[in-house]
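Everything on this sheet refers to the single structure shown next.
The values are calculated or read from the model by the stated rules, or taken from the named source; none is laboratory data. These numbers were taken from a predicted model, which means no experiment stands behind them. Virtual Cβ from ideal backbone geometry, glycine too; neighbours counted across all protein chains shown. Protein only, heavy atoms only, side chains kept; ligands, DNA and RNA dropped before computing areas. Shrake-Rupley method; radii C 1.70, N 1.55, O 1.52, S 1.80 Å.
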Amino acid sequence: MAEITAALVKELREKTGAGMMDCKKALNEAAGEIEAAIDWLRKKGLAAAAKKSGRVTAEGLVGVASAPNRAAIVEVNAETDFVARNESFQGFVEAVAKAALVAGEDLEKIKDVVLESGRTVADELTHLIATIGENMSIRRARVLSVPSGVVASYIHSAVRPGLGKIGVLAAIEAPSESEALETLGRQIGMHVAATRPAALDIDSVDPASLERERAVLVEQARASGKPEAIIEKMVDGRIRKFYEEVVLLEQVWVHDGESRVRAVVEKAGAKLNGFERFQLGEGIEKEENDFAAEVAKAAGG
C-alpha cells in the first residue's frame, strides 16, 4: 500500500475539490491509488463540489455569535433561498459565526477551525456542497469587541435565533454590562438595519464620498444663480443635512423620531465604539435567468 502523504492528499483535493478528511479516507480506501480514490469520492458524491464552484452564490444567511464583550457576524452564501431553510446549512452558518469568535475576521483562519464533526470549517463546507448539491461560500466576517460593556446583535426577520437576512452588531462601551445596555444595543441594531448608515461619526465619512456629494451640491446651488458667498453657505447647510442622513451618531433616532442617536447613547452613560451591518447578497451581481428562454433554447427553439 502506498504511503498516504500530504502531497498525495493535496493532489486529490485539487483534482476533485473534496475536503481534506474525505480525501484521506478515499486514499486509504483505495490503497493510495489516485484514480481509484477519485472513483470512491464520485460514488460518495463528494467529488461533485468542484463542478459547482463557478456558480453565483447570492442567497444564504447572515449569522451572529456572541461572547462577553465580543461578537461576530458572518455571511455564508448559497445559490438558492431554499438552502437557507435547510437545517444542516443553518447549523453550518452558526458554526462559522462561532468559529469567527475564536479565529477573528480572517476567512482563511476561520476555515482552519476544527468543528465538532472533526472536520475543519473548510472541509465541512465542501462536505455540505456535496451533500446539498449547491455551490456555497463563506463571503465575509467581522468581529467587534469592547474593553467593557456589550457588543449587542440584532437579526432582522430571523429564521431562527441568530440567523437571518440582515444582521447588525453594535459595540457599546460602558463601565459594566447590564440588561439596559443590551436593550439599547438591540435598539441601535434595529435602527442601523432600517437606516443603513455609512459611517459611525463625521470623521469616519469616506473623503471621496464627501467630495462627490459636495461637487453635486455646488453645481445644484450654482444653478440658482446666487452669489458665490451665498452658494458656499447653501452647500455647508446641505452638507450638514448629508451628515444627518449617512452618519449614525447624527441620525434621528427611529424609535422616537426626535432625538439624535448621539444624545440617546450619551444619556445612557455609554459610548458607541462601532457598528457593522451585513445584508445578505449586497453587492453581488445575481444572474437573471429567463426560464422560458432557457426551455426554448434546450428545445432548439
**Report entry** Surface per residue (accessible, 1.4 Å probe) for the chain, Å²
**Finding:** 54
Requested in this report: Express the carbon and sulfur contribution to the solvent-accessible surface of the chain as a percent, rounded to the nearest whole number, probe 1.4 angstrom.
Outcome: 49
Query raised in the report: So what's the angle, to the nearest 10 degrees on a 0 to 90 scale, between helix 121-132 and the longest Cα principal axis of the chain?
Result: 70
Query raised in the report: What residues of region 169-209 lie in the reach of a label at residue 239, counting those whose backbone N is under 16 Å from a point 7 Å from the Cα along Cα→Cβ?
Result: 202-209
Query - FRET efficiency, residue 160 to residue 224 (Cβ-Cβ, R0 41 Å, nearest 0.05) - result: 0.15
Query - Rough spin-label spacing in nm, given labels placed 7 Å along Cα→Cβ, for residue 263 and residue 115 - result: 4.8
Query raised in the report: If the cut-off is 17 Å between C-alpha atoms, which aspartates and glutamates fall inside it for residue 24, apart from same-chain ones fewer than 8 positions away?
Result: 3, 11, 14, 33, 35, 39, 112, 123, 124
**Report entry** Kirkwood Rh, Cα atoms: Rg over Rh of the chain
**Finding:** 1.11
Report summary line: Once residue 7 and residue 271 are pulled to full extension, the length gained, defined as 0.36 nm per residue separation minus their Cα-Cα distance, is 89.9 nm
Report summary line: If each part is reduced to its alpha-carbon centroid, region 59-83 and region 210-285 end up apart, in Å, by 29
Query - Pairwise label distance in nanometres, residue 31 with residue 88, each label 7 Å out on the Cα-Cβ vector - result: 3.1
